[in-house]
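The values are calculated or read from the model by the stated rules, or taken from the named source; none is laboratory data. Only a predicted model underlies this, so the values are computations on that prediction, with no experimental measurement involved. Quick reminder, even Gly has a Cβ in these numbers, built from the backbone with ideal geometry, and neighbours come from all protein chains shown.
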């Protein structure tokens, strides 16, 4: 049996083994820093290598209606670049308004809300289902 979640995932452990392991207290994440918001003000060359960092961040405590999803791969995309350039607006204000920093656009419906039904994970990226207010569920 592996000793850490990362080791177990890399070793190809199944769900039975993974659910017995403790969650890591922290993990690596790409971050930007509030102190850098004005870094690119009046600058033509907005080099995101100067504003994007890989830091260890604490594992947030999950609420009863939240799910932890293991991300096996990621990349830098235009959202990451815009965030690191602090354009069109810095994202820090949105995090204050939304009340939570972290992960993707999936949301698990609360089991206490949907009695007798299996909780579903909804994804709302782009497309007709999201535009109509009906995210696709898995």
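Tally time: how many residues in the range 1-60 are modelled with pLDDT under 90, touching a helix residue (DSSP H, G or I) at 6+ places or on another chain (Cβ under 7 Å) and part of a loop (DSSP other than H, G, I, E, B)?
Residues flagged as modelled with pLDDT under 90, touching a helix residue (DSSP H, G or I) at 6+ places or on another chain (Cβ under 7 Å) and part of a loop (DSSP other than H, G, I, E, B) within the range 1-60 amount to 5.
Counting just the residues of the range 77-104 that are part of a loop (DSSP other than H, G, I, E, B) and modelled with pLDDT of 85 or more, which one comes out surrounded by the most Cβ atoms within 10 Å (Cβ to Cβ)?
First, pick out the residues of the range 77-104 that are part of a loop (DSSP other than H, G, I, E, B): 77, 86-91, 99-104.
Narrowing further to those that are modelled with pLDDT of 85 or more: 77, 86-88, 90.
Numbers: 77: 8, 86: 21, 87: 11, 88: 6, 90: 16.
Ranking the candidates gives 86 first.
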